[in-house]
1. Taking the stretch 127-142, which residues are in contact (Cβ under 8 Å) with a residue 60 or more places away in the chain and open to solvent by 10 Å² or more (accessible area, probe 1.4 Å)?
2. Can you give me the number of residues within the stretch 68-102 that are within 26 Å of THR12 (Cα to Cα), surrounded by fewer than 16 Cβ atoms within 10 Å (Cβ to Cβ) and of a type in the set (A, V, I, L, M, F, W, C)?
3. Taking VAL25, is it more than 18 Å from ILE74 (Cα to Cα) and not in a loop (DSSP other than H, G, I, E, B)?
4. Here are some residues: ALA11, ALA81. Which one is closer than 24 Å to CYS132 by Cα, more than 14 Å from the chain's Cα centre (by Cα) and free of Cβ contacts under 8 Å to residues at least 12 places away in the same chain?
5. Step by step: first the residues of the stretch 22-52, then only those that are crowded, with 18+ Cβ neighbours inside 10 Å and charged (D, E, K, R), then the one that is nearest to THR64 (Cα to Cα). Which residue is that?
6. Taking the stated definitions as given, is GLY42 within 16 Å of the chain's Cα centre (by Cα) and more than 24 Å from LEU131 (Cα to Cα)?
7. Quick check on ASP19: is it open to solvent by 50 Å² or more (accessible area, probe 1.4 Å), part of a loop (DSSP other than H, G, I, E, B) and either among the acidic types (Asp, Glu) or free of Cβ contacts under 8 Å to residues at least 12 places away in the same chain (or both)?
8. Select from the stretch 143-155 the residues that are open to solvent by 60 Å² or more (accessible area, probe 1.4 Å) and in a helix (DSSP H, G or I) and write down the one among them that is nearest to LYS36 (Cα to Cα).
Amino acid sequence: MAVTLHINGSATRVEADNDIPLLWVLRDQLGLTGTKYSCGIGVCGSCMVLLDDMPAKACRVKATECAGKKITTIEGLADQADHPLLKSWLELQVPQCGYCQSGQIITAYALLSNKRDPSADEIDQAMSQVLCRCGTYPRIRQAIQQASELMRAKDPS
């Protein structure tokens with residue numbers, strides 16, 4: 001079945017069986033390998049993408065269900081290298097092994113897009129969707145808090 005997906009600002013027509021997860025279309029058909037495959041059952045969150053600006057686990061969403069929706073992968077944030085979140089992530093050297101990081105960044109980006117000044121509990125709750133086997137949670141929380149401060153300083157409204 002042919003389906004048009006709107007990925008990172010571009011419309012892309014792909015062939016997808018009715019039951020194929022978005023993850024495999026992104027990785028195998030389109031070469032967007034920043035979205036990671038890990039558990040495959042929606043537990044770890046390494047495959048997190050934004051679907052209409054909300055975090056979604058690409059291994060659990062069928063590609064055909066994404067037609068007409070805005071999909072953002074980690075590659076879609078590349079043109080925002082000066083975004084406070086990405087700057088903080090690098091400055092605080094958040095990644096350790098790095099495998100979950102695209103899911104972590106996508107989730108953190110969604111959080112800060114919807115809430116400019118999240119509390120520590122709100123950060124922990126939002127980020128609980130993505131598991132980090134290295135345990136970098138304190139640095140993840142610190143990077144989100146720093147990014148939040150930078151965003152509010154840049155645009156106090």
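1. Filtering the stretch 127-142 down to residues in contact (Cβ under 8 Å) with a residue 60 or more places away in the chain leaves 129-131.
Across the stretch 127-142, the qualifying residues are GLN129, LEU131.
2. Within the stretch 68-102, residues that are within 26 Å of THR12 (Cα to Cα), surrounded by fewer than 16 Cβ atoms within 10 Å (Cβ to Cβ) and of a type in the set (A, V, I, L, M, F, W, C) number 2.
3. Numbers: more than 18 Å from ILE74 (Cα to Cα): no; not in a loop (DSSP other than H, G, I, E, B): yes.
No; evaluated as a whole, the condition is false for this residue.
4. Numbers: ALA11 fails: closer than 24 Å to CYS132 by Cα.
Among ALA11, ALA81, only ALA81 is closer than 24 Å to CYS132 by Cα, more than 14 Å from the chain's Cα centre (by Cα) and free of Cβ contacts under 8 Å to residues at least 12 places away in the same chain.
5. My answer is ARG27.
6. Numbers: within 16 Å of the chain's Cα centre (by Cα): yes; more than 24 Å from LEU131 (Cα to Cα): no.
When the stated conditions are applied, GLY42 does not pass them.
7. On the way: open to solvent by 50 Å² or more (accessible area, probe 1.4 Å): yes; part of a loop (DSSP other than H, G, I, E, B): yes; either among the acidic types (Asp, Glu) or free of Cβ contacts under 8 Å to residues at least 12 places away in the same chain (or both): yes.
Yes, satisfied.
8. As a first pass, look at the stretch 143-155 and keep what is open to solvent by 60 Å² or more (accessible area, probe 1.4 Å): 145, 149-150, 152-155.
After this cut, where a residue has to be in a helix (DSSP H, G or I) as well, the list is 145, 149-150, 152-154.
Working: GLN145: 25, GLU149: 29, LEU150: 28, ARG152: 31, ALA153: 33, LYS154: 32 Å.
It comes out as GLN145.
The values are calculated or read from the model by the stated rules, or taken from the named source; none is laboratory data. Please read these numbers as outputs of a predicted model, since none were measured by experiment. Counting neighbours? That spans all protein chains shown, and the Cβs are built from the backbone with ideal geometry, glycine included. We work out accessible area using only protein heavy atoms, side chains counted, and drop any ligands, DNA or RNA first. Shrake-Rupley method; radii C 1.70, N 1.55, O 1.52, S 1.80 Å.
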